[in-house]
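The values are calculated or read from the model by the stated rules, or taken from the named source; none is laboratory data. Fair warning: this is a prediction, and the values are worked out from it, not measured in the lab. Note that we place each Cβ from the backbone using ideal geometry, even for glycine, and neighbour counts take in every protein chain shown.
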Amino acid sequence: MPKTVVPPSDPVGFKDYCLAESLRVKEATWGPIEDAAETRRSIAGGGGFAQRLVQRARLIAQREGLTVYYDRMQQAAAAGLPLLMLLACITGASAAYGVLGGNGSINVLTTVSALLALNVLSLLVWCLSLWWPGRTDAGGSSALGRLWLWLTKRFVRGPEAGLILGAGVSVLNRQGLTRWVFGAVSHLLWFCATLAALLALLWAFSARRYGFSWETTLLAPQHFVSLVHGLGSIPGLLGFGLPDSELILRSDGLQQLSAEDQRLWSGWVLGCIVTYGLLPRLLALVLCGARLVLGLHRMHIDASMLGFAEHRDRLMPNTEPVGIDAAAPADRVETIQPAVILPDLNAPTLVVGVELARNTSWPPPVLPAAWDVVGVVDSRAQRQQLLQRLQLKQAAHLVLVCDAQQTPDRGVIAWLSELRAYGEHCSVVLITAPNTDNGERLQAWFYRLESAGFESEQIFTNFDALLLR
């Protein structure tokens with residue numbers, strides 16, 4: 001799979017923690033992964049131990065294809081949630097039409113109980129579960145959250161998908177975010193179902209005349225009056241209609257009610273749905289979303305965990321090579337290096353611009369017909385595409401074009417060193433702006449490139465020197 005260079009300054013997100021956890025589990029299960037190149041590039045990028053762990057995980061995940069599986073899993077989760085929302089809306093609307101019946105008569109107590117009982121009960125269980133000790137997932141986080149997780153996994157098959165999904169859940173558990181993620185999904189689906197039921201009732205009340213009544217065998221009529229007033233007190237504060245005691249007593253199904261009376265009852269039913277079903281779910285959804293966003297910003301990687309701590313000595317070496325820092329002793333015998341022979345100008349050649357300034361003239365001047373100019377590679381996606389192309393077909397001659405006016409930092413040199421491995425022959429062209437004195441910068445580039453293993457015969461200060469070699 002293609003690899004990419006990710007600067008250490010890139011923000012670390014949930015994806016990075018998930019990939020790092022996936023690699024930790026994979027190495028703990030199947031043994032260490034060969035990571036010499038990735039470790040070298042992580043060290044070259046600098047940063048602390050946790051930052052280098054994340055960088056190493058990014059690079060290996062790109063090479064092993066874990067990033068592709070993560071992206072697919074993310075797309076599956078994004079596709080599965082709207083599907084569940086649609087099913088929730090259908091369920092809510094079906095429940096509303098189910099309680100309305102076909103005879104035009106509505107039992108107000110049965111209607112409100114059928115549309116709110118399960119909703120309110122599940123919300124109370126969720127609220128109580130937040131205080132259950134030792135439960136990081138809020139009492140199972142509701143079947144709806146786990147249904148979404150199961151549906152996501154069904155969209156993406158394979159052991160790598162299971163590894164990514166398990167790692168994501170582990171990271172959420174470790175950060176205490178599982179309850180908020182699954183809770184947000186649960187509240188969102190309940191909100192959609194309740195909103196669909198409310199809209200279905202509103203449409204039905206607007207398009208057809210319904211009669212409202214109550215029936216009871218055990219309760220006295222006065223008890224029903226108290227129940228209606230108690231349930232309607234909060235909706236009444238929001239502007240919904242509240243029947244008075246006389247109207248409630250007359251609504252026993254034995255007396256004819258006026259249109260205004262029916263309107264008051266419809267307002268009372270809609271007010272109960274909004275107040276006890278819709279608004280609490282909306283508030284719970286906002287709470288879960290806020291806690292989730294806050295938790296994601298506070299996420300961190302525990303570098304002391306088994307599977308991470310073992311990499312400390314390799315990612316944080318006591319000494320790092322910085323090039324030649326002293327002259328060779330007088331009695332040192334120099335090794336004769338064979339001359340670098342570059343291919344013919346008509347050989348298939350790939351020309352790549354590496355982090356050039358925006359004002360750089362590109363593409364280069366007239367080049368041989370066999371030379372293919374890829375373009376300027378700056379972004380992560382462009383680097384992935386380039387490496388994928390080079391892995392599919394190695395270049396006979398790879399020409400890397402750099403801006404000599406920039407500082408040759410370790411990240412750029414490490415990137416050039418890695419690209420060099422994808423070409424049978426490799427040349428570096430250092431371009432400068434006309435009429436500028438870049439003598440010191442050019443010396444720095446030559447020094448850093450030669451320290452990284454490039455021969456002086458591979459380094460050119462302009463295209464003319466490369467073409468006339």
Matching option when the condition is over 28 Å from residue 63 (Cα atoms) and at pLDDT below 85, among 370, 381: 370
Residue satisfying all of: in segment 275-329; within 18 Å of residue 173 (Cα to Cα) and basic (Lys, Arg); modelled with the highest pLDDT among these: 291
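Yes or no, residue by residue, for (1) at pLDDT below 85; (2) more than 43 Å from the chain's Cα centre (by Cα); (3) not assigned by TED's automatic domain parsing to the domain that holds residue 376:
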residue: 435; (1), (2), (3): yes, yes, no
residue: 441; (1), (2), (3): yes, no, no
residue: 452; (1), (2), (3): yes, no, no
residue: 461; (1), (2), (3): no, no, no
Residue 157 among the basic types (Lys, Arg), surrounded by fewer than 17 Cβ atoms within 10 Å (Cβ to Cβ) and without any contact (Cβ under 8 Å) to a residue 12 or more places away in the chain: yes
Any hit, segment 361-371, residues being surrounded by 14 or more Cβ atoms within 10 Å (Cβ to Cβ) and of a type in the set (Val, Ile, Thr): no
Single match in 47, 80 (criterion: within 27 Å of residue 451 (Cβ to Cβ) and either loosely packed, with under 13 Cβ neighbours inside 10 Å or touching a helix residue (DSSP H, G or I) at 6+ places or on another chain (Cβ under 9 Å) (or both)): 47
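Matching residues to (1) more than 25 Å from residue 167 (Cα to Cα); (2) outside the structural domain of residue 187 (by TED's automatic domain parsing); (3) touching a Cys at 6+ places or on another chain (Cβ under 6 Å); (4) among the basic types (Lys, Arg):
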position	(1), (2), (3), (4)
42	no, yes, no, no
59	no, yes, no, no
74	no, no, no, no
86	yes, no, no, no
126	no, no, no, no
130	no, no, no, no
In segment 227-259, the residues that are modelled with pLDDT of 75 or more, more than 17 Å from residue 276 (Cβ to Cβ) and among the polar types (S, T, N, Q): 245
Count of residues meeting criterion [among the charged types (D, E, K, R) and buried (at least 21 other Cβ atoms within 10 Å of the Cβ)] in segment 165-198: 1
Yes/no for residue 430 being at pLDDT 80 or above, in contact with a Ser or Thr (Cβ under 7 Å, 6 or more places away or on another chain), crowded, with 21+ Cβ neighbours inside 10 Å and not in a helix (DSSP H, G or I): yes
Flag if residue 99 is hydrophobic (A, V, I, L, M, F, W, C) and free of Cβ contacts under 8 Å to residues at least 40 places away in the same chain: yes
First in segment 107-126 and of a type in the set (Ser, Thr, Tyr), second anywhere and surrounded by 14 or more Cβ atoms within 10 Å (Cβ to Cβ), Cβ under 8 Å, 6 or more apart: 110/99; 111/99; 111/100; 111/269; 122/142; 122/186; 122/190
Pick from segment 257-301, criterion outside any helix (DSSP H, G or I) and surrounded by 14 or more Cβ atoms within 10 Å (Cβ to Cβ), ranking: nearest to the chain's Cα centre (by Cα): 299
Residue selected from segment 384-398 under the condition among the aliphatic types (A, V, I, L, M) and under 15 Å from residue 418 (Cα atoms), by the criterion modelled with the highest pLDDT: 398
Hits in segment 11-40 - residues which are outside any helix (DSSP H, G or I), at negative phi and either assigned by TED's automatic domain parsing to the domain that holds residue 175 or without any contact (Cβ under 8 Å) to a residue 40 or more places away in the chain (or both): 11, 32, 33, 34, 35
Count of residues meeting criterion [assigned to a strand (DSSP E or B) and of a type in the set (A, V, I, L, M, F, W, C)] in segment 381-421: 7
